[in-house]
1. Taking only Cα atoms, what is the 0 to 90° angle, nearest 10, from helix 185-194's long axis to the longest principal axis of the chain?
2. As I understand it, the value is the acute angle between the Cα axis of helix 106-115 and the longest principal axis of the Cα atoms of the chain; what does it come to in degrees, rounded to 10?
3. Rounded to a whole number, what % of the accessible area of the chain do carbon and sulfur atoms account for, probe 1.4 Å?
4. Quick check: the angle from helix 124-136's long axis to the longest principal axis of the chain, C-alpha only, nearest 10 degrees?
5. Suppose all protein chains stay in the model; what accessible area per residue would a 1.4 Å probe give for the chain, in Å²?
6. Looking at segment 13-161 only, what percent of DSSP beta bridges run antiparallel? Nearest 5 please.
7. According to a simple spin-label model (label point 7 Å from Cα along Cα-to-Cβ), what is the distance in nm between E158 and R28?
8. Can you list the residues, at least 5 places off or on another chain, whose amide H is less than 5 Å from the amide H of Y48, using H built in the peptide plane?
Amino acid sequence: MEKLSQIQGSIVSIPMNDIDTDQIIPARFLKVTDKEGLGKAAFCDWRYLEDGETPNPEFILNKPAYAGATVLVAGDNFGCGSSREHAPWALMGAGFKAVISTDFADIFRNNALKNGLLPVIVDRDTQQQLFSLADEDPNTTVSVDVEAQTLTLPDGREVGFPLDGFSKYCLLNGVDQLGYLLALDAEVTRFEANNRQRVVTTA
C-alpha cells in the first residue's frame, strides 16, 4: 500500500444518494482476485452503453473535462450494499485517491481504509458546495491533509473530517493490517524469548 499523506487534485461529482457497491463494481467482476484492470469496470453499467464496451458520452467520468480527477464527491450513504473489496479496488484503479460524502456504509468505509482509499465525511453544506463547484468548473481542485484530517476548499476554507488513529497510521506509513503486524515481528520474538517459562492452562 502506498503512503498517503497529502492529496491535491481535481474533483468530479456523482450527486446520487445510496450508490451501492454493485453500482460501483457489478457482481460479474467479483471472480477476479487481482486488482489489475478493475479501474475500467468502475461504474461499468453507467459508464458504458448496452454493449458493455462503448463509452456512454453522458456519464460524467467519460467527459474529457473531468479526465484525471482524483477526488470523487458523491451523494449520501455511499458504498451501501454488499461487502466487496473490489469496490475500493475499482475506484483506485480509476484514479481516485479519496471519496467525499456526508456518510459511508461502514463496511465500504473499512474496506476503503484497509486498501488506501480515503473516505472523507463532510457536512451537507460542504457537500453541496462541492457539487456546485464541480459543475461550474471541471478544474476545481481541493487539498486533503491526512495528518491534520482537513479538507481545504478552493476558497481556503478548511473542513475537518473524522479518521481513527490506527487507520491514519496505516495510511501515513503505507501499511495494511498485515504489514502492521509483520512490523512488530521483532517485538513479538523478544517477548517470546523473555517469557519461555509461561504456563498455558486450559479449562
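The values are calculated or read from the model by the stated rules, or taken from the named source; none is laboratory data. Because the structure is a prediction, the values reported are computed rather than measured. Quick reminder, even Gly has a Cβ in these numbers, built from the backbone with ideal geometry, and neighbours come from all protein chains shown. Just so you know, the surface numbers come from the protein's heavy atoms only, side chains and all, with ligands and any DNA or RNA stripped out. Shrake-Rupley method; radii C 1.70, N 1.55, O 1.52, S 1.80 Å.
1. Rounded to the nearest ten degrees, it is 20.
2. Approximately 80 degrees, to the nearest ten.
3. 49
4. 50
5. Values: 11170 Å² over 203 residues.
I get 55 Å² per residue for the chain.
6. Details: 7 of 18 bridges.
Antiparallel: roughly 40 percent of the beta bridges in segment 13-161.
7. In this crude spin-label approximation the distance works out to 4.7 nm.
8. Here N56 satisfy the definition.
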